[in-house]
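Accompanying notes for the structure given below.
The values are calculated or read from the model by the stated rules, or taken from the named source; none is laboratory data. In this text, all values refer to a predicted model and were calculated from it rather than measured experimentally. Ideal geometry is used to build each Cβ from the backbone, glycine not excepted, and the neighbour counts take in all protein chains shown.
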Amino acid sequence: MVMSRMPTKTQWIDPRKSPATPPSPSWPERLRRYALLTRMHRPIGTLLLLWPCLWALWIAAEGTPDTLVLVVFVIGTFLMRSAGCAIHDYADRDFDPHVVRTRDRPLAAGLVTPREALAVAAVLSLVAFGLVLLMNALTIALSVVGLLLAASYPYAKRYTFLPQVHLGAAFGWAVPMAFAAQANTLPPLAWLLYLAAILWATIYDTMYAMVDRSEDLKIGVKSTAILFGDADLIILALLQGLLVLDLALVGQQAGLGLPYALSLAVAVLFMIYHQRLIAEREPADCFRAFLNNNWLGIAITIGVIANYALHA
């Protein structure tokens, strides 16, 4: 005996309410996502940008910098790094989903739209520019160059194997701006210190790029880590040597004494430690070396500030 099936009732779906459309997030949730987009939970980038800026401010002032200038540059550093992260994620929105380290970023994960990322970057940049308007004309003019460097950096990895140098140029631009804001001039010392900022950023961002080297090769992203290849450790050691030499010349021209010399010696010890970390090229250890560069920056900052404090 064959039993016939009872016909099932077809469920009617209102076409105006598509189940594929996610609910719009609340504003607290949106702000949380924007905070993740701009890496507010990971301040390492802001700190690495801040230290050379402080070196420049103290050296340009030959002591404690003007309070307004100091406040503007500290806040501006935070704002521009945050804006840079949003622009970077917008530029890499087709790459990040394919990299383990970046696939959970808000834009790559679909939590933030490309339009939102651009809007966040624009708002933060406008606020930062508003702060710059409190400075002199030379600083305002230099800020335009800084914005162009920051906006073009995320695209550098598509056309050159030297995006880390481009990052150094963008991050380090705070140095001539700091001299302009504090002293209203750009002496040779400012450019010597700018070179140090470029060298340092190239070093630590190459260590950072070594983390993703295998995945970058697959998706076609360029970096100094790929360019250097098996010579990466030797080239990084040479760059570290150039950085020490450059910083020593900065100290000589700025008349910095024993506290600065001691801080430079501590920085050398950190560099040796970084070489030990990256020796086996393990991604986790390369990332640790990148993060530890923050302590190198702190050491130099303490040396510069202590030099002027002790000789006030």
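Take L262 and tell me if it is in a loop (DSSP other than H, G, I, E, B), over 22 Å from the mean Cα position of the chain (by Cα) and surrounded by 15 or more Cβ atoms within 10 Å (Cβ to Cβ).
No; evaluated as a whole, the condition is false for this residue.
Suppose we keep only residues that are more than 17 Å from A109 (Cβ to Cβ) and either polar (S, T, N, Q) or not in a loop (DSSP other than H, G, I, E, B) (or both) within the range 22-48. Which one would you say is modelled with the lowest pLDDT?
By that ranking, first place goes to W27.
For the range 70-112, enumerate the residues that are over 18 Å from the mean Cα position of the chain (by Cα) and either on the phi > 0 side of the Ramachandran plot or modelled with pLDDT of 90 or more (or both).
Answer for the range 70-112, where residues must be over 18 Å from the mean Cα position of the chain (by Cα) and either on the phi > 0 side of the Ramachandran plot or modelled with pLDDT of 90 or more (or both): L70, V71, V72, G110.
In the range 269-309, what count of residues is obtained for those that are among the basic types (K, R) and closer than 17 Å to S214 by Cα?
Qualifying residue count, the range 269-309: 1.
Conditions (1) in a helix (DSSP H, G or I); (2) over 22 Å from the mean Cα position of the chain (by Cα); (3) without any contact (Cβ under 8 Å) to a residue 60 or more places away in the chain, marked per residue:
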{"position": "G229", "(1), (2), (3)": "yes, yes, yes"}
{"position": "D232", "(1), (2), (3)": "yes, no, yes"}
{"position": "L249", "(1), (2), (3)": "yes, yes, yes"}
{"position": "Q253", "(1), (2), (3)": "yes, yes, no"}
{"position": "Q275", "(1), (2), (3)": "yes, no, yes"}
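Which residue out of C53, C85 is assigned to a helix (DSSP H, G or I), hydrophobic (A, V, I, L, M, F, W, C) and in contact with a Leu (Cβ under 8 Å, 6 or more places away or on another chain)?
C85 is the lone residue from the list that is assigned to a helix (DSSP H, G or I), hydrophobic (A, V, I, L, M, F, W, C) and in contact with a Leu (Cβ under 8 Å, 6 or more places away or on another chain).
Take the range 107-142 and flag every residue that is without any contact (Cβ under 8 Å) to a residue 24 or more places away in the chain and in contact with a Ser or Thr (Cβ under 8 Å, 6 or more places away or on another chain).
The answer is A108, F129.
Which of (1) among the charged types (D, E, K, R); (2) in contact (Cβ under 8 Å) with a residue 12 or more places away in the chain; (3) assigned to a helix (DSSP H, G or I) is the odd one out, the single condition R281 does not satisfy?
Result: R281 fails condition (3) only.
What pairs can you find where one residue is in the range 143-154 and over 14 Å from G76 (Cβ atoms), the other is of a type in the set (S, T, N, Q), and their Cβ atoms are less than 9 Å apart, with a gap of 6+ or different chains?
A151/S125
Specify the residue that is farthest from L54 (Cα to Cα); the eligible residues are those in the range 282-312 that are crowded, with 16+ Cβ neighbours inside 10 Å and among the charged types (D, E, K, R).
D285
Just one of A128, A137, A151, A156 is surrounded by fewer than 15 Cβ atoms within 10 Å (Cβ to Cβ) and over 19 Å from A196 (Cβ atoms); which is it?
A137
Looking at this structure, is Q240 free of Cβ contacts under 8 Å to residues at least 40 places away in the same chain and surrounded by 21 or more Cβ atoms within 10 Å (Cβ to Cβ)?
yes
I'd like the full set of residues that are surrounded by 21 or more Cβ atoms within 10 Å (Cβ to Cβ), among the hydrophobic types (A, V, I, L, M, F, W, C) and either under 26 Å from L243 (Cα atoms) or more than 14 Å from the chain's Cα centre (by Cα) (or both), limited to the range 34-65.
Across the range 34-65, the qualifying residues are L48, L49, L50, W51, C53, L54, W55, A56, L57, W58, I59, A60.
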